[in-house]
């Protein structure tokens, strides 16, 4: 993990446009943990977004597969996972290039909403992101405490 990891952003979102070469800039505040190589994953669980992992987190996810499955199921899940992964280099301007099938998979068009989680980025179509909150069953949020002091 890059030395600046202590300054990484642990949340947030930004809307970013693709250029003519299918490059998108990772927002500066999200770059600290990603280094020069990222792994792009077609999220086949939700079929809605592209997940961006650092190399370290990609290896953790891949290793986690073997802890969750065995035998033929393990082989098939590994194949499914690897069939939906692409490696990308982060250029000096902080951009990554997405292959056309990744853009098409998540219906990203000309832009992507970049959502930052502590362990990954997600690239979403803005309309799909907004729609998930209208369609999802929201949990009871009354117990959610915003204060870090309690």
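The rows are residues; the columns are (1) assigned to a strand (DSSP E or B); (2) surrounded by 18 or more Cβ atoms within 10 Å (Cβ to Cβ).
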site: 73; (1), (2): no, no
site: 79; (1), (2): no, no
site: 82; (1), (2): no, no
site: 87; (1), (2): yes, no
site: 93; (1), (2): no, no
site: 103; (1), (2): no, yes
site: 107; (1), (2): no, no
site: 115; (1), (2): yes, yes
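Residues that are touching a residue at least 40 places away in the same chain (Cβ under 8 Å), more than 17 Å from residue 118 (Cα to Cα) and in contact with a helix residue (DSSP H, G or I) (Cβ under 7 Å, 6 or more places away or on another chain) occur at least once in the range 8-17.
Note on the range 13-66: residues that are surrounded by 21 or more Cβ atoms within 10 Å (Cβ to Cβ) and over 20 Å from residue 89 (Cβ atoms) amount to 1.
When we screen 91, 86 for residues that are in contact with a helix residue (DSSP H, G or I) (Cβ under 9 Å, 6 or more places away or on another chain) and at pLDDT 90 or above, the only hit is 86. For the range 19-41, filtering for residues that are touching a helix residue (DSSP H, G or I) at 6+ places or on another chain (Cβ under 6 Å) and farther than 13 Å from residue 58 by Cα leaves 1.
The values are calculated or read from the model by the stated rules, or taken from the named source; none is laboratory data. In this text, all values refer to a predicted model and were calculated from it rather than measured experimentally. Positions of Cβ are generated from backbone atoms using ideal geometry, with glycine treated the same way; all protein chains shown enter the neighbour counts.
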